[in-house]
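Written below as structure tokens is the structure these notes are about.
The values are calculated or read from the model by the stated rules, or taken from the named source; none is laboratory data. Remember, predicted model here, so these are calculated numbers, not experimental data. Don't worry about glycine lacking a Cβ; one is built from the backbone with ideal geometry, like all the others, and counts go over all protein chains shown.
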Amino acid sequence: MSRYIVAVSGGVDSVALLHMLTKLPEHELIVAHFDHGIREDSASDAEFVAQLAADHGLPFETVREELGTGTSEEIARTRRYEFLRSLANKYEAKIVTAHHGDDAVETVAINLHRGTGWRGLAVLDSDIVRPLLNKSKKELHAYAQHYGLEWREDSTNSSDAYLRNRLRKQTSELEDDTKRQILALRHQQLDTKQLIDREVSRLVGEGPEYSRYFFAHIPQAVALECLRFISQAKLTRPQLERALLMIKTAGAGTFFEAGSGITLSFTPRNFSL
């Protein structure tokens, strides 16, 4: 039997997801709710999800953090996933979230707005299970209404303080065909990503030492992809560019703090992380 940590915020998407999963008896479900402590009424969301789990006869896990108003979306997301991954380790389970097709379109729009490389289209790709990516927000809302489900509305979803909310107002106006084209491009980029990752793995080998000459003489775009791979994608692009410069110029016996806890050490011919 498969075991899943189901991330439930209390919104219509995650409530619909939980309802769908409870129809699959071969799955063992643990309902998880992360209270950011950003909104004054967020505690009532936790109570709602706790009751929802109880109604389904499912175990419930929650934690509250006082992140406070003004917390960035990135920090809130990071803390949420840290909580979910801690539960995944505790229960030896996979994480399931209610991300849907419109979320994928919004994430692509965010990446394009900020400026992105080719990976900006290959979004929502990880070990997290996202079974609703082929569904639209409209379809999930209709599903919830059909089954008479109740859910909570997050007041911050209408706030212009978050970039995602501002872009959502624009992406929601896109034609359905345009959204389908964006999602098709996402699928293509995911396939491309797998091919590139396999080729990069073949090029760089298993380490722990890597040739400075090799990194200095291949095209920069390729070198950055290779360096990203061996750093386990922990470094930002600016950090990767600085690290690559040090690979080319640093003296033997020196060290470079690349960021995210990664240190490069150099010999005359090689470097290691």
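Being in contact (Cβ under 8 Å) with a residue 12 or more places away in the chain, surrounded by 16 or more Cβ atoms within 10 Å (Cβ to Cβ) and of a type in the set (Lys, Arg): is that true of residue 193 here?
Values: in contact (Cβ under 8 Å) with a residue 12 or more places away in the chain: yes; surrounded by 16 or more Cβ atoms within 10 Å (Cβ to Cβ): no; of a type in the set (Lys, Arg): yes.
No; evaluated as a whole, the condition is false for this residue.
Note down all Cβ pairs under 8 Å where the first residue falls in the range 68-79 and is under 19 Å from residue 124 (Cα atoms), the second is among the β-branched types (Val, Ile, Thr), and they're at least six residues apart or on different chains.
76/38
Return a yes/no flag: does the range 27-47 have any residue that is out of contact with any Ser or Thr (no Cβ under 7 Å at 6 or more places or on another chain) and under 25 Å from residue 122 (Cβ atoms).
no
Exactly one of (1) in contact (Cβ under 8 Å) with a residue 40 or more places away in the chain; (2) surrounded by fewer than 14 Cβ atoms within 10 Å (Cβ to Cβ); (3) assigned to a helix (DSSP H, G or I) is unmet by residue 186. Its number?
(2)
Just the residues that are part of a loop (DSSP other than H, G, I, E, B) and more than 12 Å from residue 17 (Cα to Cα), please, taken from the range 129-143.
Our first condition is that a residue be part of a loop (DSSP other than H, G, I, E, B); within the range 129-143, this holds for 130-136.
If the condition is that a residue be part of a loop (DSSP other than H, G, I, E, B) and more than 12 Å from residue 17 (Cα to Cα), then 134, 136 are the ones that fit.
Do we find that residue 253 is loosely packed, with under 12 Cβ neighbours inside 10 Å, touching a residue at least 12 places away in the same chain (Cβ under 8 Å) and within 24 Å of residue 125 (Cβ to Cβ) in this structure?
On the way: loosely packed, with under 12 Cβ neighbours inside 10 Å: yes; touching a residue at least 12 places away in the same chain (Cβ under 8 Å): yes; within 24 Å of residue 125 (Cβ to Cβ): no.
No: the conditions fail for residue 253.
Looking for whichever is over 26 Å from residue 135 (Cα atoms), part of a helix (DSSP H, G or I) and among the aliphatic types (A, V, I, L, M) here; the options are 16, 43. Which one fits?
None of the other options fit; the residue is 43.
Out of contact with any strand residue (DSSP E or B) (no Cβ under 9 Å at 6 or more places or on another chain), assigned by TED's automatic domain parsing to the domain that holds residue 170, in a helix (DSSP H, G or I) and buried (at least 16 other Cβ atoms within 10 Å of the Cβ) - does that describe any residue in the range 91-102?
In the first step, residues of the range 91-102 are kept if they are out of contact with any strand residue (DSSP E or B) (no Cβ under 9 Å at 6 or more places or on another chain); the result is 99-102.
Still in the list and also assigned by TED's automatic domain parsing to the domain that holds residue 170: 99-102.
Retained after the next criterion (residues that are in a helix (DSSP H, G or I)): 101-102.
Imposing the further condition that a residue be buried (at least 16 other Cβ atoms within 10 Å of the Cβ) reduces the set to 101-102.
The answer is yes; a qualifying residue exists.
Can you tell which of 26, 40 is without any contact (Cβ under 8 Å) to a residue 40 or more places away in the chain, of a type in the set (Asp, Glu), in the same structural domain as residue 79 (by TED's automatic domain parsing) and under 22 Å from residue 147 (Cα atoms)? Explain how you work it out, then say what you get.
Working: 40 fails: under 22 Å from residue 147 (Cα atoms).
So the residue among 26, 40 that is without any contact (Cβ under 8 Å) to a residue 40 or more places away in the chain, of a type in the set (Asp, Glu), in the same structural domain as residue 79 (by TED's automatic domain parsing) and under 22 Å from residue 147 (Cα atoms) is 26.
Return the residues of the range 213-222 that are without any contact (Cβ under 8 Å) to a residue 24 or more places away in the chain and surrounded by 13 or more Cβ atoms within 10 Å (Cβ to Cβ); say none if nothing qualifies. Can you show your working first?
Start the filter on the range 213-222 by keeping residues that are without any contact (Cβ under 8 Å) to a residue 24 or more places away in the chain, which leaves 214, 217-219, 221-222.
Listed by number, the residues that qualify are 214, 218, 222.
Among the listed residues 143, 147, which satisfies the condition of being loosely packed, with under 15 Cβ neighbours inside 10 Å and in contact (Cβ under 8 Å) with a residue 24 or more places away in the chain? Write out each step before concluding.
Details: 143 fails: loosely packed, with under 15 Cβ neighbours inside 10 Å.
The match here is 147.
Look through 194, 188, 170 and report the one residue that is over 30 Å from residue 248 (Cα atoms) and outside the structural domain of residue 19 (by TED's automatic domain parsing). Steps first, answer last, please.
Details: 194 fails: over 30 Å from residue 248 (Cα atoms); 170 fails: outside the structural domain of residue 19 (by TED's automatic domain parsing).
That would be 188, the only listed residue that is over 30 Å from residue 248 (Cα atoms) and outside the structural domain of residue 19 (by TED's automatic domain parsing).
Determine if the range 164-178 includes at least one residue that is assigned to a helix (DSSP H, G or I), surrounded by fewer than 17 Cβ atoms within 10 Å (Cβ to Cβ), touching a residue at least 40 places away in the same chain (Cβ under 8 Å) and polar (S, T, N, Q).
Yes: one or more hits.
From the list 147, 213, which one is touching a Lys or Arg at 6+ places or on another chain (Cβ under 8 Å) and more than 25 Å from residue 73 (Cα to Cα)? Steps first, please.
Working: 147 fails: touching a Lys or Arg at 6+ places or on another chain (Cβ under 8 Å).
Exactly one residue qualifies, and that residue is 213.
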